[in-house]
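Input: a single structure, listed below in structure tokens.
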Amino acid sequence: MSTDFMVVGNWKMNIPEEGVVEWCRSLGVWCEGRPRGLEVGIGAPYGELSFVSGEFGGREEVFVLGQDVSVWRGGSYTGEVSAKMLKLWGCDGVLVGHSERRHVLGEGDEQVYEKLRRVREEGMVSVLCVGETLEERERGEAYGRVSSQLHRAWGHDGGVGSDFLVVAYEPVWSIGTGRVPSEEDVREMIDHVETHLEVLMGEEEAGKVKILYGGSVNGGNAFDLGRVEGIDGFLVGGASLSFEKFLPILESVNSGGVGE
Ligand code: 13P
């Protein structure tokens, strides 16, 4: 995987304010003058994936992500979407274990484990989301929670390989709330994730895995957050829902010092 700073927009179950077509056109225009060293990811709803991947096919700096995937490879599972389908729709990767899936939709670590493997089987990258709840942080269990999520996702079969993994640290209490951990807290957790990955896959492999931060990232805080040591990118929800709000985040990376 490249060493570029990665900014991933996760539209969740929303369509951007200006519509998908206009949002993508704006990104396409921005990419023409794009600085080197930045990759942009788009986590679009299923119905939009083919269009989005069609718009950016061949552009190596833009990659398209599904927001979830089935644990099954195929068959009679009404409503499920397989990794093979995501691949057919042009996805390069998939968000796996997002906190809304874990905490709102009841997804467990066993499912996260299976999903990582389905994504890997199709040669796509998983953006594995980990993060603690507010109660866990207040009880001093944040590091334990994140270690356990990483450990269970990795399993005992050698994991999915560093080429197929990005980790996104998203504290649950920061998602959609406007509350952002201190830069020191983010740095310490990124450090913790790095150390844990080293234990799981060895130092060399772990060094290749990008670690993103997500949770209330916006145009006002992206520059400072992006300079936190060890951060390789952002996972952005609300501020990706209009290109006007997403742009300052991209530009903050552009303005120097970020990801260095
Ligand atoms: P917000 O940026 O809206 O806090 O959402 C973060 C997120 O969940 C991205 O996946």
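The values are calculated or read from the model by the stated rules, or taken from the named source; none is laboratory data. Since the structure is predicted, the reported quantities are computational estimates derived from the model, not experimental observations. Using ideal geometry, Cβ is built from the backbone for each residue, glycine included, and neighbour counts are taken over all protein chains shown.
Numbers at a glance
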item: Tabulated pairs, segment 84-111, first within 15 Å of A44 (Cβ to Cβ), second at pLDDT below 95 and more than 16 Å from the ligand (Cβ to nearest atom), C-beta under 8 angstrom, 6+ apart or interchain; result: G90/G57
item: Residue within segment 231-238 that is within 18 Å of the chain's Cα centre (by Cα), within 11 Å of the ligand (Cβ to nearest atom) and under 19 Å from R137 (Cβ atoms) present; result: yes
item: Search result, residues across segment 227-237 that are among the small types (G, A, S) and either at pLDDT below 95 or surrounded by fewer than 19 Cβ atoms within 10 Å (Cβ to Cβ) (or both); result: G230
item: Residues that are within 16 Å of the ligand (Cβ to nearest atom) and of a type in the set (K, R), drawn from segment 176-229; result: R179, K210
item: Boolean, S2 is more than 27 Å from G226 (Cα to Cα) and of a type in the set (S, T, N, Q); result: no
item: Pick from segment 177-214, criterion in contact (Cβ under 8 Å) with a residue 40 or more places away in the chain and acidic (D, E), ranking: farthest from G159 (Cα to Cα); result: E183
